[in-house]
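The values are calculated or read from the model by the stated rules, or taken from the named source; none is laboratory data. Since this is a predicted model, take the numbers as computed values, not measurements. Backbone-built Cβ (ideal geometry, glycine too); neighbour counts: all protein chains shown.
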Amino acid sequence: MGRIYTLVNQKGGVGKTTTAINLGAYLAYYGQRVLLVDLDPQANATSCLGVDKRQVKGGVYEALIGKSPALPHILLNPRLKISLLPSTPALAGAEVELVPELARETRLREAIKPLIERYDYILIDCPPSLGLLTLNGLVAARNGLIIPVQSEYLALEGIGMLTQTVQRVRAALFPELSIRGVVITMFDRHNLSRDVAAEVQKHFPQQIFQAVIPRSVRLAEAPSYGQPISLYAPSSTGAQAYAALARELLAGDGIQVSP
Ligand SMILES: Nc1ncnc2c1ncn2[C@@H]1O[C@H](COP(=O)(O)OP(=O)(O)O)[C@@H](O)[C@H]1O
Ligand SMILES: [Mg+2]
């Protein structure tokens with residue numbers, strides 16, 4: 001049965017989408033069947049994988065509002081062996097449209113249930129907010145949350161609010177919700193980055209991934225070629241870091257791969 005992880009941090013620009021794409025790409029590289037769910041109306045993950053948003057007929061929106069199952073909207077990138085449940089502009093309306101609906105926070109969990117057997121890993125990329133879409137992402141995170149934290153000043157600002165939201169979700173909707181790990185992103189050699197890493201370590205002592213993602217121009221360039229780093233610049237430091245993160249996740253999940 002597949003594992004479901006949700007990438008969440010209500011701060012924008014911390015590396016959620018970059019991590020979803022590149023972790024997903026390396027999990028696929030190591031032989032896993034991967035589905036990426038683009039839960040952000042901005043559709044960054046969808047475009048980063050080279051999908052033309054205007055060509056997409058449906059996606060996660062249709063599944064959330066119960067208009068159709070998710071399966072027929074899944075796109076496969078055969079080169080990467082990654083599947084994508086894309087975001088479409090309509091998703092922007094879901095935040096409001098779902099408000100009066102029954103079971104509005106469990107829509108995504110139910111929508112991806114029929115897909116669990118088809119994939120080894122389902123990664124959900126959340127928007128930068130703590131609204132109803134992100135709540136759906138939290139409730140669907142069967143195996144836990146992956147929280148990217150950018151190594152910058154005030155990195156942990158807002159983490160308290162995220163932790164509170166996680167506790168509320170545990171109390172009301174999903175008692176088993178766990179934090180699988182915190183990933184430090186955009187690390188550079190400055191002392192500030194080290195301080196932030198130490199601070200994060202203090203805050204989440206048991207849950208920090210050993211793999212640290214460096215700041216890398218290659219990682220920022222890859223999306224404009226519609227490619228993950230594993231294709232665009234496989235020998236770059238950013239690629240090596242995401243490969244290491246994928247191996248760490250796999251090892252923690254008890255899945256053996258050769259390096
Ligand atoms: N490790 C990194 N090094 C350099 N640039 C990065 C790195 N990670 C992300 N970026 C860039 O930073 C911006 C924000 O990253 P993104 O993954 O879209 O964040 P989020 O999804 O949390 O909003 C993007 O332009 C992305 O290309
Ligand atoms: Mg994003």
Consider the range 52-65. How many of its residues are touching a strand residue (DSSP E or B) at 6+ places or on another chain (Cβ under 7 Å), of a type in the set (V, I, T) and assigned to a loop (DSSP other than H, G, I, E, B)? 0
Residues of the range 245-259 that turn out to be in a helix (DSSP H, G or I) and not basic (K, R), as a count: 7
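What helices (runs of 4 or more DSSP H), lying completely within the range 87-143, carry at least 3 residues that are farther than 18 Å from T165 by Cα?
Details: elements: 91-97, 107-112, 132-139.
In the range 87-143, the matching helices (runs of 4 or more DSSP H) lie at 91-97, 107-112.
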May I ask you to verify whether P223 is in contact (Cβ under 8 Å) with a residue 40 or more places away in the chain, touching a helix residue (DSSP H, G or I) at 6+ places or on another chain (Cβ under 7 Å) and not polar (S, T, N, Q)? yes
Residue in the range 39-51 that is touching an Asp or Glu at 6+ places or on another chain (Cβ under 7 Å), assigned to a loop (DSSP other than H, G, I, E, B) and buried (at least 24 other Cβ atoms within 10 Å of the Cβ) present: yes
Mind listing whichever residues of the range 155-166 are more than 28 Å from A239 (Cβ to Cβ) and part of a loop (DSSP other than H, G, I, E, B)? E157, G158
Sort out which residues of the range 79-111 are farther than 17 Å from T46 by Cα, of a type in the set (D, E, K, R) and touching a helix residue (DSSP H, G or I) at 6+ places or on another chain (Cβ under 6 Å), and write them in order of number. E95, E105, R107, R109
Collect the residues in the range 66-86 that are in contact with a strand residue (DSSP E or B) (Cβ under 9 Å, 6 or more places away or on another chain) and assigned to a loop (DSSP other than H, G, I, E, B), keeping them in residue-number order. A70, I74, L80, K81, P86
Specify the residue that is nearest to ligand 1 (Cβ to nearest atom); the eligible residues are those in the range 1-42 that are farther than 13 Å from Y119 by Cα and charged (D, E, K, R). K16
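Here is a list: V200, V169, V183, V212. Which entry is among the β-branched types (V, I, T), buried (at least 17 other Cβ atoms within 10 Å of the Cβ), in contact with a Phe, Trp or Tyr (Cβ under 9 Å, 6 or more places away or on another chain) and not in a loop (DSSP other than H, G, I, E, B)? Give the steps one after another, and end with the answer.
Values: V200 fails: in contact with a Phe, Trp or Tyr (Cβ under 9 Å, 6 or more places away or on another chain); V169 fails: in contact with a Phe, Trp or Tyr (Cβ under 9 Å, 6 or more places away or on another chain); V212 fails: not in a loop (DSSP other than H, G, I, E, B).
Going through V200, V169, V183, V212 in turn, the sole match is V183.
So that you can scan it fast, the table gives a plain yes or no per residue for (1) at pLDDT 95 or above; (2) outside any loop (DSSP other than H, G, I, E, B); (3) away from ligand 1 (no atom under 16 Å from the Cβ); (4) out of contact with any Phe, Trp or Tyr (no Cβ under 8 Å at 6 or more places or on another chain):
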residue: F174; (1), (2), (3), (4): yes, no, yes, yes
residue: Q227; (1), (2), (3), (4): no, no, no, yes
residue: S230; (1), (2), (3), (4): yes, yes, no, no
residue: G238; (1), (2), (3), (4): yes, yes, no, yes
residue: A243; (1), (2), (3), (4): yes, yes, no, no
Would you please name the residue that is nearest to ligand 1 (Cβ to nearest atom), looking only at residues in the range 86-127 that are hydroxyl-bearing (S, T, Y) and either closer than 18 Å to K16 by Cβ or buried (at least 17 other Cβ atoms within 10 Å of the Cβ) (or both)? S87
